[in-house]
Amino acid sequence: MSRSNKPVNPAAQNGLDRLKEETAAELGLQNYNNTYKGALTSADNGRVGGQMVKKMIQAQEQQFAGSAGSATPNAGGTVTAKFDANQRP
């Protein structure tokens with residue numbers, strides 16, 4: 001399996017960029033998207049990425065918690081099956 005920095009869903013790139021900028025601003029790093037990342041410490045860059053992951057996990061947990069009571073198994077039987085690109089309508 002090859003590794004890539006490209007998002008699985010290219011349409012999500014703008015949302016990820018906004019999340020990155022918002023997270024960096026919360027950590028005190030202003031104008032993060034236009035800053036040369038080599039000038040920042042690896043700890044600063046790591047904090048931004050770590051906080052982004054934390055926010056994405058929290059958002060997903062909230063989504064699962066909100067839909068847990070009304071969830072019905074789909075044809076695939078799993079939550080992720082409804083997002084499977086290989087499934088045909």
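The values are calculated or read from the model by the stated rules, or taken from the named source; none is laboratory data. Computed from a prediction, not measured in an experiment: that's the story for all the values here. Quick reminder, even Gly has a Cβ in these numbers, built from the backbone with ideal geometry, and neighbours come from all protein chains shown.
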Cβ-Cβ below 8 Å, separation at least six or inter-chain, first residue in segment 8-21 and under 15 Å from Y32 (Cβ atoms), second polar (S, T, N, Q): which pairs? D17/N33; K20/N33; E21/N33
When segment 24-44 is checked residue by residue, the ones that are assigned to a helix (DSSP H, G or I) and in contact with a Leu (Cβ under 9 Å, 6 or more places away or on another chain) are Y32, D44
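Yes/no per residue for (1) surrounded by fewer than 11 Cβ atoms within 10 Å (Cβ to Cβ); (2) among the polar types (S, T, N, Q); (3) in contact (Cβ under 8 Å) with a residue 40 or more places away in the chain:
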{"position": "Y32", "(1), (2), (3)": "no, no, no"}
{"position": "A39", "(1), (2), (3)": "yes, no, no"}
{"position": "S42", "(1), (2), (3)": "yes, yes, no"}
{"position": "M56", "(1), (2), (3)": "no, no, no"}
L19 being out of contact with any Phe, Trp or Tyr (no Cβ under 9 Å at 6 or more places or on another chain), part of a helix (DSSP H, G or I) and modelled with pLDDT of 90 or more: yes
If I ask for residues that are hydrophobic (A, V, I, L, M, F, W, C) and surrounded by fewer than 14 Cβ atoms within 10 Å (Cβ to Cβ), which ones from segment 17-26 would you list? A25
So which of N9, N33, N45 ends up being in contact with an Asp or Glu (Cβ under 7 Å, 6 or more places away or on another chain) and farther than 17 Å from A59 by Cα? N33
